[in-house]
Amino acid sequence: MKKCFPLSKVYSLLEPGPLLLLTTAHCDASDVMPMTWYSLLGFEPPLVACVVSAGNHSQKLLRASKTCVLNIPTVELAKQVVGCGNCSGAGIDKFARFGLSRSAAEQVAAPLLDDCYASLECRVVDTRLVRRYEQFVLEVVAAWVDPKVKDPRTLHHRGYGKFMVAGESIKLRSGMR
Ligand SMILES: Cc1cc2nc3c(=O)[nH]c(=O)nc-3n(C[C@H](O)[C@H](O)[C@H](O)COP(=O)(O)O)c2cc1C
């Protein structure tokens, strides 16, 4: 039997795909923050709508540069992920504090995180919902994936510091390309 569930916790049932580490950079400043409130809007080019709150330093850099990178970490980076979510890059260099090594992206100023198995370079293509929902629409303009990682053990947020770790994959017949 299901029981009434508090509306304030509904998000924890709906948290979507893998937790991302959003990297941003503008002029001499750069930042990294975990992000789970996002949703796919289009196949090709890939479009992603994501919420980056105004209280976060990352939003300032995202607004200024209109570009970012969505990095996909696996469970090995869990401690660094939580650390990056509990402090602001306004006052500290999170890359140095959490030992996150980075490389230059091809098309955007924000860095690719070397220890993430995939990194997506993005441009902001729509800001109409920023004022209302703090939501930016991103177009992925270049994607990098480590081909050696077959079943990435990605992190999926279940709320309040609890994460599901992706494990076994199953394959069913599908008509999708
Ligand atoms: C698991 C997790 C998921 C998060 N998801 C988001 C998100 O989708 N959007 C957002 O604006 N902040 C999100 N946050 C909060 C930011 O990561 C956090 O406020 C961070 O310290 C911001 O850093 P900054 O000020 O350096 O940008 C999340 C935090 C955690 C721990």
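Here the peptides 40-46, 28-34, 104-110 are ranked by packing, the mean other Cβ count within 10 Å, and the order with the highest first is 28-34, 104-110, 40-46.
In vacuo Debye scattering of the chain, one point per C-alpha: log10 I(q)/I(0) at q = 0.08, 0.13, 0.17, 0.18 Å⁻¹? Debye intensities relative to I(0), on a log10 scale: -0.25, -0.67, -1.14, -1.27. Inverting the pair-averaged 1/r between distinct Cα atoms of the range 8-72 gives 12.8 Å as its Kirkwood hydrodynamic radius. Start at zero, step by 5 Å, and the Cα-Cα distances of the range 76-169 spread as 2, 10, 15, 17, 24, 21, 8, 2, 0 percent across the bins. Filter the cross-link list 60/162; 3/94; 9/94; 79/150 down to pairs whose alpha-carbon distance in this structure exceeds 32 Å. Too far apart for the 32 Å limit: 3/94. The alpha-carbon positions of the range 54-131 define a convex hull whose volume is 105 Å³ per residue.
Protection proxy ranking, highest mean first, for peptides 116-123, 138-145: 116-123, 138-145, where packing is the per-residue count of other beta-carbon atoms within 10 Å, averaged. Computed extension length for residue 169-residue 90: 24.5 nm, one decimal, from 0.36 nm per residue of separation with the Cα-Cα distance subtracted.
Among residues other than residue 169 with Cβ under 12 Å from its Cβ, the summed charge is +1 (Lys and Arg +1, Asp and Glu -1). Each of residue 176 and residue 162 was given a label point 7 Å from its Cα along the Cα-to-Cβ line. The distance between the two points is 2.7 nm. Neighbours of residue 37 by Cβ distance under 13 Å: Lys/Arg scored +1, Asp/Glu scored -1, total -2.
Full extension of the chain between residue 132 and residue 75 gives 17.2 nm of extra length, using 0.36 nm per residue less the Cα-Cα distance.
Relative contact order of the chain, taken over Cα pairs closer than 8 Å and 6 or more residues apart, is 24 percent.
Along the Cα-to-Cβ line of residue 101, 7 Å from the Cα, sits a label point; which residues in the range 141-164 have backbone N less than 19 Å from it? Residues passing the 19 Å test: 144-149. Annotation: the residues 162, 60, 171, sorted from fewest to most other C-beta atoms within 10 Å of their own C-beta, follow the order 171, 162, 60.
Read-outs throughout are calculated quantities, based only on the coordinates presented, and are distinct from any laboratory measurement. Here the structure is a predicted model, which means the values were calculated and not measured. Every residue, glycine as well, gets a Cβ built from its backbone with ideal geometry; the counts of neighbours run over all protein chains shown.
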